[in-house]
Amino acid sequence: MSRNDLILAITVMAIWGFNFSMIKMGITDVHPLLATAARFSLAVFPAIFFIAKPNVQWRYLISYGLVFGVGIWGMASWSITAGLSSGVSSVLLSSNALIGMAVGIFIHKEKSTTRKLMGALIALVALLVLVTATNGNITGKGLLLIMTAAVSWVVMGVIVKSSKTKQAFAFNVWGMAFAPVPLVVFSVALHGTEIVEHAIGAWNTSTTIAVLFQAYPTTLFGYWVWNRLLIRYPLSTTAPLTLLVPVFALISGYFMYGEMLSVLQVIACALFLVGIGLIVKPSRNKSNANDYQCNSIKVTSNQPS
């Protein structure tokens with residue numbers, strides 16, 4: 001990877017990591033489902049009018065919008081208001097790689113390499129230590145929500161792969177168009193229409209800044225750069241870079257909100273990322289088109305946020 005592209009890639013990882021702190025800022029006064037709906041509304045409009053619809057069936061775009069908008073980022077944002085620190089939320093979302101590997105082995109009967117199995121074991125042990133060594137930065141409800149987001153990430157990968165799309169960025173933008181309405185409907189179903197009235201009244205400058213950051217630097221710019229890099233370089237070069245996202249998320253959470261990890265949690269996070277790294281780093285001879293189609297959007301998410 002060239003020096004300029006490496007700098008650009010690290011910049012995007014920093015944006016995606018910092019985004020978790022911005023999510024926390026945006027949902028301080030506004031319900032996370034509504035803040036997430038605003039994020040995707042701004043990311044889609046007016047960009048969608050300048051990007052041609054990808055050549056895929058509508059059901060893939062609709063299901064992608066539901067899973068990506070509600071299942072991943074709606075739940076991930078909600079997990080923070082439910083008691084997870086923004087940094088820990090980012091780390092736990094990375095467990096999607098562990099869940100995806102388990103689905104492949106136990107459901108699809110796929111074979112796995114010794115390296116990936118070792119990585120899974122390390123990540124699983126580290127995950128258990130991270131959760132049990134909490135100093136108040138992990139709650140049961142928050143853990144349930146972020147794990148729902150991680151499972152949704154795996155489902156999203158299946159949707160993208162099944163669509164056979166080769167237009168990752170366009171697929172992402174058009175799919176996101178189906179996220180805002182379900183997010184609003186879900187929040188109203190849970191709390192009634194007064195939740196929308198409360199959001200309008202509570203909306204402030206911090207909420208606006210947070211939502212704009214999530215919509216433009218994180219979503220549109222970040223995904224555009226990332227897909228560009230995926231076209232230029234093999235996954236063995238690009239995929240490991242996503243492990244920087246939780247690192248930047250933990251750092252920004254510390255400086256913005258004073259989020260602290262216990263000593264055991266610091267060790268657990270480091271080991272967890274090592275384990276996930278062993279899982280996501282593809283073999284050089286297996287970086288095929290299907291891997292690209294799945295990961296070009298999926299890593300957005302590791303998180304673009």
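The values are calculated or read from the model by the stated rules, or taken from the named source; none is laboratory data. As the structure is a prediction and not an experimental result, all values here were calculated from the model. Glycine also receives a Cβ, built like all others from the backbone with ideal geometry; neighbour counts cover every protein chain displayed.
Details
- Counted residues, region 162-211 - those being among the β-branched types (V, I, T), in contact with a helix residue (DSSP H, G or I) (Cβ under 6 Å, 6 or more places away or on another chain) and over 23 Å from M22 (Cα atoms): 1
- Whichever residue in region 73-104 is touching a strand residue (DSSP E or B) at 6+ places or on another chain (Cβ under 9 Å) and hydrophobic (A, V, I, L, M, F, W, C) and, among such residues, is farthest from L128 (Cα to Cα): A97
- Within region 129-153, the set of residues being under 18 Å from L98 (Cβ atoms) and either surrounded by fewer than 20 Cβ atoms within 10 Å (Cβ to Cβ) or among the charged types (D, E, K, R) (or both) comprises V129, V131, T132, L143, L144, M147, T148, V151.
- Residue that is modelled with the highest pLDDT [pool: residues in region 259-291 that are surrounded by fewer than 17 Cβ atoms within 10 Å (Cβ to Cβ) and polar (S, T, N, Q)]: S262
- With respect to (1) part of a helix (DSSP H, G or I); (2) within 17 Å of the chain's Cα centre (by Cα); (3) within 25 Å of M147 (Cβ to Cβ), the lone exception for A14 is condition (3).
- Among the residues making up region 176-192, those that are part of a helix (DSSP H, G or I), over 18 Å from the mean Cα position of the chain (by Cα) and not aliphatic (A, V, I, L, M) are P182, F186, S187, H191.
- Selected residue [in contact with a Pro (Cβ under 9 Å, 6 or more places away or on another chain) and either surrounded by fewer than 21 Cβ atoms within 10 Å (Cβ to Cβ) or under 28 Å from F248 (Cβ atoms) (or both)] from R39, R115: R39
- Options G104, G69; residue that is under 19 Å from the mean Cα position of the chain (by Cα) and within 23 Å of V158 (Cβ to Cβ): G69
- Residue count, region 202-221 (criterion: surrounded by 14 or more Cβ atoms within 10 Å (Cβ to Cβ), out of contact with any Pro (no Cβ under 8 Å at 6 or more places or on another chain) and not in a loop (DSSP other than H, G, I, E, B)): 12
- Among residues of region 41-52 that are in contact (Cβ under 8 Å) with a residue 60 or more places away in the chain, those with a beta-carbon under 7 Å from a residue that is surrounded by 15 or more Cβ atoms within 10 Å (Cβ to Cβ) and assigned to a loop (DSSP other than H, G, I, E, B) at least six positions away or on a different chain give the pairs V44/A177; I48/A177.
- Any chance G104 is assigned to a helix (DSSP H, G or I) and touching a residue at least 60 places away in the same chain (Cβ under 8 Å): no
- For region 232-249, the tally of residues that are in contact (Cβ under 8 Å) with a residue 60 or more places away in the chain and either surrounded by fewer than 15 Cβ atoms within 10 Å (Cβ to Cβ) or within 13 Å of S94 (Cα to Cα) (or both) stands at 10.
- Taking (1) within 21 Å of T165 (Cα to Cα); (2) at pLDDT 90 or above in turn, A239 satisfies each apart from (2).
- Flag if T237 is in a helix (DSSP H, G or I) and within 15 Å of the chain's Cα centre (by Cα): no
- Residues that are under 24 Å from T148 (Cβ atoms) and hydroxyl-bearing (S, T, Y) within region 95-122 comprise just one, S95.
- Failed item, numbered, when V155 is tested on (1) in a loop (DSSP other than H, G, I, E, B); (2) under 29 Å from W224 (Cβ atoms): (1)
- Restricting the search to helices (runs of 4 or more DSSP H) fully inside region 17-91 and requiring at least 3 residues that are aromatic (F, W, Y) and over 20 Å from L212 (Cα atoms) gives 58-65.
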